[in-house]
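Presented below is the structure to which this report refers.
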Amino acid sequence: MNQRQIWNRRHAEEEIGSISPSPFLDEVAHLLPAPGAAIDVAGGAGRNSIWLARRGFRVTLADFSAVALEKAVGRAAAAGVELHPLELDLENDPFPAGPWRVILSFNFLLRPLYPRFAAALAPGGLLIVSQPTVRNLERRSRPPRPFLFEEGELPTLIGDLELLHYTEGWTSGDHHEAHLVARKPGDRE
C-alpha cells in the first residue's frame, strides 16, 4: 500500500486531528492581509482552510488524500463557505504558482518547499507555519524525527521574508511546536 492509499484509508476510517482550527490562527489573525487567494498546504480535512474562508479568502486546499479533500469540501459547505480542493503530491508535483496572499503550512514538513513558498507569495503576503520541533519527542513518539524542526531551524528557512512572529514552546495540547508568521516584502493591498 502506498502513502496515498494509507492516508485515504486513515481519513476514511478515523477522524484525524481536530475539526476546530488551530488556536495559533486566532493569535495571529490581526496580521492577516486583505483577503485574496490562499492555499492550505497538506491541509487534510480542512480545519484551517475553513477558518481562512470564513475571513473572506478564496482558499485552495492542497492535499494528496482525495478522501480528506472530500471531507473538507463537505465541512466547508456545512459551514457556509467554499473551498477549492486540489489533489496534489507535494513531494513530486510542482507547487502551485500563486500568487498567494496567504500560505498555511500546519503539521507538514518538506524543507525544499520553503523557497517555493517565498516565490509563490504575493507582495505583502503571509507565510503561516506551525510544526512540531525535536523537543516534542520528550513527551511524544510521533511525528518521527525526520518530520520535526530542530530548535530554532524554522526562521532559517524563510529567506528574505520579513519575520513578524516566531515562538517555540509547549502548546495546551502538549506538543512542542514552532509557530511562525513571515511576510513577503513589497506593496500590500
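What to note about this one:
- Residue list for region 110-131, restricted to those being under 13 Å from the mean Cα position of the chain (by Cα), crowded, with 19+ Cβ neighbours inside 10 Å and not aromatic (Phe, Trp, Tyr): Leu113, Leu126, Leu127, Ile128, Val129, Ser130, Gln131
- Looking across region 136-150, just one residue is modelled with pLDDT of 95 or more and open to solvent by 30 Å² or more (accessible area, probe 1.4 Å), and that is Glu150.
- Within region 52-66, residues that are in contact (Cβ under 8 Å) with a residue 40 or more places away in the chain reach partners that are open to solvent by 10 Å² or more (accessible area, probe 1.4 Å) and of a type in the set (Phe, Trp, Tyr) with beta carbons closer than 8 Å, at six or more positions or on different chains, in the pairs Phe64/Trp7; Ser65/Trp7.
- Within region 76-101, restricting attention to residues that are open to solvent by less than 70 Å² (accessible area, probe 1.4 Å) and touching a helix residue (DSSP H, G or I) at 6+ places or on another chain (Cβ under 6 Å), the residue that is nearest to Leu161 (Cα to Cα) is Trp100.
- On the stretch given as region 35-65, residues that are at pLDDT below 95 and either open to solvent by 40 Å² or more (accessible area, probe 1.4 Å) or touching a His at 6+ places or on another chain (Cβ under 8 Å) (or both) total 5.
- Restricting region 167-187 to residues that are closer than 15 Å to Pro132 by Cβ and open to solvent by 50 Å² or more (accessible area, probe 1.4 Å), the residue that is modelled with the lowest pLDDT is Ser172.
The values are calculated or read from the model by the stated rules, or taken from the named source; none is laboratory data. Here the structure is a predicted model, which is why all the values come from computation and not from measurement. Glycine also receives a Cβ, built like all others from the backbone with ideal geometry; neighbour counts cover every protein chain displayed. With ligands, DNA and RNA removed, areas are computed over all heavy atoms of the protein, side chains included. Shrake-Rupley method; radii C 1.70, N 1.55, O 1.52, S 1.80 Å.
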